[in-house]
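Enquirer: Structure below; questions to follow.
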Amino acid sequence: MRLTASQYAKALLALSAGAEDPKRVASSFLSYARKNRLTKKLPDILRIFEGLSEAKAGKLSLSIETARSADAAEREALGRLAEASFPGKKLLLRYVVNADLVGGVRMLSSDEMVDATAKRRLRELESRIKG
Amino acid sequence: MANTLIDELKRQIADFDHAAKKEKIGRVMETGDGVARLSGLSDVASSEIVEFESGAVGVAQNLEESEVGVMILSGAESVKEGETAKATGRLLSVPVSDAIVGRVVNALGAPLDGRGEIAGERKLMPMEKIAPGVITRESVHEPLQTGIKAIDALIPIGRGQRELIIGDRQTGKTAVAIDTIVNQKGQDVICIYVAIGQKESKVARIIGELAKRGAMDYTVVVSAGASEPAALSFLAPYAGCAIGEYFMEQGKDVLVVYDDLSKHAWAYRQIALILRRPPGREAYPGDVFYVHSRLLERSAKMDRNHGGGSITALPIIETQAGDVSAYIPTNVISITDGQIYLESDLFYKGIRPALNVGLSVSRVGSAAQIKAMKQVAGTLRLDLAQFRELEAFAQFGSDLDEGTKRLIDRGRRAVELLKQPQYAPLVVEEEVAVLYALSRGHLDAVPTEKIREWEEEFLSFLRAEGGDALDAIREKKELSEEVEKVLKGRVEEFNKRFAM
């Protein structure tokens, strides 16, 4: 029976819960993956596993993208904005510069986004005017 | 004008709501061959439009446990791994207005004919829609004249019917459909020609012929060419049907030609295999029947309480080596209300349209014929069937009894008379006049090789001098004693001239 990446990730999460030696769990799992030709699925399995682990620990990886580099005060303000947008989670913030955004800020988790960029506003305004 | 435009722009900018909202997104894990696999987008719906960060647009097709398979409609080359995509909350639809008539558009409703945007207030018609229910329909009773004698006499089509045109390549399937469109001039029927996976040169030639004959005044062409992504070929018939429904809801009669559903099935198979759906028979996905049945069921004749409009469908299927028992042909035969079967052998023998009368059928039948046509075509099918049975004995000409010889001669004349050149559809009164002459024996003295010449000159005669006969048939729609007397007089008068 072929299992999905999600099922493998959940199994790995269960194995890793309370494991005394995480290194041993990791190498056993990789050995199992090699033996059963799961290497192509590994990136998906690890991505899902990471999301599940974070969710279990009440954490959330968030990428904060701005058009230009933010100074310390701006980063603090952005951090507060992130906490307001994603309440109840322990946020793991990563700051990224993306000049393509034109201006504003975009916050991305694995499955949610708050887009307050100038690029989005200009695009929506264009489609609204075009009708 | 400039001030009005500036004021309007200022108003739209002032009203513009630019507050940022939290949205569900997905990330592209893999992309290629017109399909993208996304992680996330946990609450996307099936057939919901998905917009990519790069501006590409797609439709959610596969909803799996941890990923979504998206069929990309436009901008596939710009989609990159890792980029985000979001669900729009909209289902796939095509913008339609009255001004779409006469235009050439793609499967998304965007114009392809270089004449600018389609004017008018456009209504978004959903590509996928539940077919009209039983209660809202009425039975098919109004003829849709193709202008092709063999079809109008033997395999009549009614408004609201689905009649399949099936045959091998180069047997005249598209020619039958185009002649039907050309014959709708002045008949108050909106025509929609959906070109699926066709060569661009073929589509251009068809548009040229339709324009030359004034047919583009009431025709919409939806084109998803062979160089377009398979996604557009898959959506094109649904777009054509949605455009038809726009006019049907106004109480109008619509004719939609799907040319052809074989290529449509290929496009769907390609998309399904790339999406890794399990392949079934001939590698088609398991729901290939439903792909066509839900399309063709949207053709209907609505009752008066629901506008009285109709959509008549002429789907086309291409067979391989005459095999009508293959998977897709049998699927579509079982869905439609009859088939027009065109044979290569007949085509090469010079019998064009290459109609196999024995294997062709219209399940609506004479309910879709005017009474006059029923009166003259009633025995024609039997005559042709008897002729086919006796044809093998024709070589023993001298040994046959008079009755058999007469049947064979009559059959030969019927076959000759039913031949018709392309782009020369006849109005129904002319068809009735010609078939009347055949069925009442007025052609028995005309040599078989002169039948076509007789017909051409007889029609010219009727148009020039015999208008009273044609008018009588057009008005009464039946061959009453009085009408028959006029028509008989004209036929006899012409036969005297022809014999001289």
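The values are calculated or read from the model by the stated rules, or taken from the named source; none is laboratory data. Keep in mind that this is a model prediction, so the values were computed, not measured. Using ideal geometry, Cβ is built from the backbone for each residue, glycine included, and neighbour counts are taken over all protein chains shown. The protein model used for the area step is the full one, side chains on, heavy atoms only, and it has no ligands, DNA or RNA in it. Shrake-Rupley method; radii C 1.70, N 1.55, O 1.52, S 1.80 Å.
Enquirer: In Å, what Rg and Dmax follow from the Cα atoms of region B:25-90?
Expert: For region B:25-90, the Cα-based Rg and Dmax read 9.8, 27 Å.
Enquirer: If you don't mind, another one. Taking the highest mean first, how do the peptides B:116-124, B:244-252 order by number of other beta carbon atoms within 10 angstrom per residue? Present the calculation step by step, with values, prior to reporting the outcome.
Expert: Working: B:116-124: 13.2, B:244-252: 19.8.
Result, highest mean first: B:244-252, B:116-124.
Enquirer: Report the label-to-label distance for residue B:290 and residue B:471 in nanometres (one decimal), using points 7 Å from each Cα along the Cα→Cβ vector.
Expert: 5.8 nm
Enquirer: If you don't mind, another one. Hey, if we sort B:127, B:216 by accessible area with the 1.4 Å probe, largest down, what's the order? Provide the component values of the computation, followed by the final result.
Expert: On the way: B:127 5, B:216 25 Å².
I get B:216, B:127, largest accessible area first.
Enquirer: Quick one: grab the alpha carbon gyration tensor of region A:5-56, order the square roots of its eigenvalues as a ≥ b ≥ c, and give me rounded if a/c is under 1.5, else prolate or oblate depending on whether a/b is larger than b/c. Walk me through the numbers before you get to the answer.
Expert: On the way: a/c = 2.25, a/b = 1.15, b/c = 1.97.
Oblate, because a/c is 1.5 or more while a/b does not exceed b/c.
Enquirer: How compact is region A:59-130 by the rule of thumb for globular proteins, expressed as Cα Rg over 2.2 N^0.38 Å?
Expert: Numbers: Rg = 12.9 Å, N = 72, 2.2 N^0.38 = 11.2 Å.
Here the answer is 1.16, to two decimals.
Enquirer: Now for a different question. In degrees between 0 and 90, to the nearest 10, how far off the longest principal axis of chain B does helix B:200-212 point, with axes built from Cα atoms?
Expert: Roughly 60 degrees, rounded to the nearest 10.
Enquirer: So between residue B:91 and residue B:117, what do we pick up on full extension, going 0.36 nm a residue minus the alpha carbon distance?
Expert: Numbers: separation 26, 0.36 × 26 = 9.36 nm, distance 2.21 nm.
Result for the pair: 7.1 nm of gain on full extension.
Enquirer: Follow-up question, since we're still on this one. Output ³J(HN,Hα) for region B:213-228: one whole-Hz value per residue in order, computed from phi by the Karplus curve 6.51 cos²θ - 1.76 cosθ + 1.60 with θ = phi - 60°, and x for Gly and Pro.
Expert: Ordered by residue, 3J(HN,Hα) equals 9, x, 7, 5, 5, 10, 10, 10, 10, 10, 10, 10, x, 5, 8, 7 Hz.
Enquirer: Note down the relative contact order for chain A as a percent, whole number, built from C-alpha pairs under 8 angstrom at least six residues apart. The partial results should precede the final answer.
Expert: On the way: 136 pairs, mean separation 28.9, N = 131.
Contact order relative to length: 22 percent.
Enquirer: Additional query: How much accessible area does residue B:7 have with a 1.4 Å probe, in Å² rounded to the nearest 10?
Expert: Looks like 100 Å² after rounding.
Enquirer: Would you list B:41, B:63 from the most to the least accessible area, probe 1.4 Å? Before the final figure, lay out the partial values.
Expert: On the way: B:41 5, B:63 85 Å².
From most exposed to least exposed: B:63, B:41.
Enquirer: Using the Kirkwood radius over C-alpha pairs as Rh, can you work out the diffusion coefficient of region B:209-310 via Stokes-Einstein at 10 °C, viscosity 1.306 mPa s, in µm² per second? Numbers along the way, then the final one.
Expert: On the way: Rh = 15.3 Å.
Value of D from the Cα-based Kirkwood radius: 104 µm²/s.
Enquirer: Please compute the contact order of region B:25-90 in relative form: average sequence separation of alpha-carbon pairs under 8 Å and at least six residues apart, divided by the residue count, as a percent. Before the final figure, lay out each step's value.
Expert: Details: 166 pairs, mean separation 26.7, N = 66.
It rounds to 40 percent for region B:25-90.
Enquirer: Note down the net charge around residue B:253, summing +1 for each Lys or Arg and -1 for each Asp or Glu among other residues with Cβ under 11 Å from its Cβ. Don't skip to the answer; put the middle values down first.
Expert: Values: positive: B:159, B:252, B:301; negative: B:142, B:188.
Cβ neighbours under 11 Å give a net charge of +1.
Enquirer: Quick one: the Cα spread of the protein assembly as shown along its three principal axes, in angstroms, biggest first?
Expert: Between the extreme Cα coordinates on each principal axis of the protein assembly as shown lie 107, 71, 43 Å.
Enquirer: What does the charge count around residue B:444 come to, taking other residues whose C-beta lies under 9 Å from its C-beta (Lys +1, Arg +1, Asp -1, Glu -1)? Don't skip to the answer; put the middle values down first.
Expert: Details: positive: B:406, B:410, B:413; negative: B:409.
Spelling it out: positives minus negatives among the neighbours equals +2.
Enquirer: Say R0 is 35 Å: what FRET efficiency, to the nearest 0.05, do residue B:391 and residue B:460 get from their beta-carbon distance? If you can, show how the numbers build up before the last one.
Expert: Numbers: r = 31 Å, r/R0 = 0.90.
The computed FRET efficiency comes out at 0.65.
Enquirer: Against the empirical 2.2 N^0.38 Å scaling, what ratio does the C-alpha Rg of region B:260-417 come to? Provide the component values of the computation, followed by the final result.
Expert: Working: Rg = 20.8 Å, N = 158, 2.2 N^0.38 = 15.1 Å.
Scaled against compact globular proteins, the figure is 1.38.
Enquirer: Quick one: which of B:432-441, B:95-104 comes out on top by average Cβ neighbours within 10 Å, and what's the full order, highest first? Numbers along the way, then the final one.
Expert: On the way: B:432-441: 22.3, B:95-104: 18.6.
Taking the mean over residues of other Cβ atoms within 10 Å, the ranking is B:432-441, B:95-104.
Enquirer: Starting from the Cα-Cα distance between residue B:128 and residue B:444, subtract it from 0.36 nm times their residue separation and give me the gain in nm to one decimal. Let's see the in-between values first.
Expert: Details: separation 316, 0.36 × 316 = 113.76 nm, distance 5.42 nm.
Extra length from residue B:128 to residue B:444 when fully extended: 108.3 nm.
Enquirer: Okay, next question. Keeping all protein chains in position, work out how much accessible area residue B:442 exposes to a 1.4 Å probe, and write it in Å² to the nearest 10.
Expert: 30 Å²
Enquirer: Give the long-range amide H neighbours of residue B:144: residues separated by 5 or more places, or on another chain, with amide H under 5 Å away, using H modelled in the peptide plane at 1.01 Å from N.
Expert: Amide H neighbours of residue B:144, under 5 Å, 5+ apart: B:157, B:158, B:159.
Enquirer: Taking the Cα atoms only, what angle lies between the long axis of helix B:2-15 and the longest principal axis of chain B, rounded to 10 degrees?
Expert: 60 degrees
Enquirer: Continuing with this model, one more query. Under a plain spin-label model, where a point goes 7 Å from the Cα along Cα-to-Cβ, how far apart in nm are residue B:23 and residue A:14?
Expert: So the two model labels end up 3.7 nm from each other.
Enquirer: Any idea of residue A:126's accessible area? Nearest 10 Å², probe 1.4 Å.
Expert: Residue A:126 has an accessible surface of roughly 100 Å² with all protein chains in place.
Enquirer: With the crude spin-label approximation of a point 7 Å out along Cα→Cβ, what separation in nm comes out for residue A:4 versus residue B:349?
Expert: Using points 7 Å along Cα→Cβ, the separation is 5.8 nm.
Enquirer: Tell me the net charge near residue B:269. Cut-off is 10 Å between Cβ atoms, residue B:269 excluded, with +1 for each Lys or Arg and -1 for each Asp or Glu. Show your work: numbers first, answer last.
Expert: Details: positive: B:277; negative: B:282.
Surrounding charge for residue B:269 is 0.
Enquirer: Can you give the direction-averaged projected area of the convex hull of the alpha-carbon atoms in chain B, in nm²? Walk me through the intermediate numbers first.
Expert: Details: hull surface 116.9 nm².
Mean orientational projected area (chain B, Cα hull): 29.2 nm².
Enquirer: Could you give the spread of the C-alpha atoms of region B:1-151 along their three principal axes, from largest to smallest, in whole angstroms?
Expert: 60, 53, 34
Enquirer: Could you list the square roots of 5 times each eigenvalue of the Cα gyration tensor of region B:140-220, that is, the equivalent ellipsoid semi-axes, sorted largest first and rounded to whole Å? It would help to have the intermediate numbers written out before the result.
Expert: On the way: eigenvalues 86, 55, 25 Å².
Value: 21, 17, 11 Å, ordered largest first.
Enquirer: Evaluate peptide B:23-31: per residue, the Cβ atoms of other protein chains within 10 Å of its Cβ; return the mean as an integer. Intermediate values should be presented prior to the final figure.
Expert: Values: counts 5, 3, 8, 3, 4, 0, 4, 1, 0.
Average neighbour count from other chains, rounded to a whole number: 3.
Enquirer: Ok, one more. What order do B:348, B:193 take when sorted by accessible area (1.4 Å probe), most exposed first? Working shown, then result.
Expert: Working: B:348 160, B:193 0 Å².
Correct descending sequence by accessible area is B:348, B:193.
Enquirer: Based on the Cβ-Cβ distance from residue B:334 to residue B:498, what FRET efficiency comes out when R0 is 60 Å, to the nearest 0.05? Intermediate values should be presented prior to the final figure.
Expert: Numbers: r = 47 Å, r/R0 = 0.78.
In this case the efficiency is close to 0.80.
Enquirer: Also, quick follow-up: Could you work out what % of the accessible surface of the protein assembly as shown is carbon and sulfur, using a 1.4 angstrom probe and leaving DNA, RNA and ligands out of the count?
Expert: Working: 15900 of 30320 Å².
Exposed carbon and sulfur together represent 52 percent of the surface.
Enquirer: What 222 nm value per residue comes from the helices of the protein assembly as shown, counting each DSSP H run with n ≥ 4 as -39,500 (n - 2.57) and dividing by all residues, nearest 500 deg cm²/dmol?
Expert: It lands at -12500 deg cm²/dmol.
Enquirer: If r is the Cβ-Cβ distance from residue B:381 to residue B:452 and R0 is 30 Å, what FRET efficiency results, to the nearest 0.05?
Expert: On the way: r = 21 Å, r/R0 = 0.71.
Once rounded, the FRET efficiency stands at 0.90.
Enquirer: By how many degrees, between 0 and 90 and to the nearest 10, does the Cα long axis of helix B:451-464 differ from the longest principal axis of chain B?
Expert: Helix B:451-464 and the main axis of chain B meet at about 80 degrees.
Enquirer: While we're looking at this one, here's another question. Ratio of alpha-carbon Rg to the 2.2 N^0.38 Å globular estimate for region B:94-369, to two decimals, please.
Expert: Working: Rg = 17.5 Å, N = 276, 2.2 N^0.38 = 18.6 Å.
Dividing the Cα radius of gyration by 2.2 N^0.38 Å gives 0.94.
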